[in-house]
1. Could you say which residue among 114, 99, 38 is in contact with a helix residue (DSSP H, G or I) (Cβ under 8 Å, 6 or more places away or on another chain), loosely packed, with under 12 Cβ neighbours inside 10 Å and under 24 Å from residue 12 (Cα atoms)?
2. In contact with a strand residue (DSSP E or B) (Cβ under 8 Å, 6 or more places away or on another chain) and assigned to a loop (DSSP other than H, G, I, E, B), is that true of residue 13?
3. Determine whether segment 59-75 contains at least one residue that is surrounded by 11 or more Cβ atoms within 10 Å (Cβ to Cβ) and touching a residue at least 24 places away in the same chain (Cβ under 8 Å).
4. Find the residue count for segment 120-131, including only residues that are more than 18 Å from residue 28 (Cβ to Cβ) and either surrounded by fewer than 12 Cβ atoms within 10 Å (Cβ to Cβ) or in contact (Cβ under 8 Å) with a residue 24 or more places away in the chain (or both).
5. Quickly run through segment 21-49 and pick out the residues that are more than 16 Å from residue 83 (Cα to Cα), part of a helix (DSSP H, G or I) and without any contact (Cβ under 8 Å) to a residue 40 or more places away in the chain.
6. When residue 91 is evaluated against the numbered criteria (1) part of a helix (DSSP H, G or I); (2) at positive phi, which criterion, by number, is the only one it fails?
7. Report, by residue number, each residue of segment 59-78 that is touching a helix residue (DSSP H, G or I) at 6+ places or on another chain (Cβ under 8 Å) and in a loop (DSSP other than H, G, I, E, B).
8. Is it the case, given these coordinates, that residue 57 is over 27 Å from residue 109 (Cβ atoms) and at pLDDT below 90?
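The values are calculated or read from the model by the stated rules, or taken from the named source; none is laboratory data. What you are looking at is a predicted structure, and each value in this text was computed from that prediction instead of being measured. We place every Cβ from the backbone using ideal geometry, glycine too, and count neighbours over all the protein chains shown.
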């Protein structure tokens with residue numbers, strides 16, 4: 001996934017000893033990562049659209065047509081997920097601009113640099129995310 005590719009290219013942020021959490025340098029670091037992810041996702045979407053247009057062939061065999069439709073449906077579903085991720089990245093970049101980035105939406109505590117390095121789009125601290133996942137499992141039963 002592009003998120004993983006971008007993180008390979010970015011070196012983890014090393015905070016200085018007396019540096020405050022979400023200092024301007026940290027915000028700039030995460031903004032750079034998020035903007036890189038957004039560019040990669042946009043390029044992937046564009047590539048997929050061109051590939052789908054180029055591969056659009058009318059097959060005489062119903063099985064071939066069904067396979068092509070299945071492949072296109074899967075590709076469209078993946079592109080939709082990427083489009084939603086781009087929207088989330090835009091929301092996170094807006095949080096960076098308003099200096100709300102890096103704090104849990106639920107309880108307000110620091111999410112933590114290591115968690116944000118692993119998932120720059122995280123909006124919940126690890127404790128709130130764990131509770132959220134437990135609730136999801138209970139509701140599914």
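1. Step by step, each of 114, 99, 38 is checked, and only 99 is in contact with a helix residue (DSSP H, G or I) (Cβ under 8 Å, 6 or more places away or on another chain), loosely packed, with under 12 Cβ neighbours inside 10 Å and under 24 Å from residue 12 (Cα atoms).
2. no
3. Yes, that holds for at least one residue.
4. 3
5. Across segment 21-49, the qualifying residues are 24, 25, 28, 29, 32.
6. (2)
7. Scanning segment 59-78 gives a single hit, 59.
8. For residue 57, the condition - over 27 Å from residue 109 (Cβ atoms) and at pLDDT below 90 - is met.
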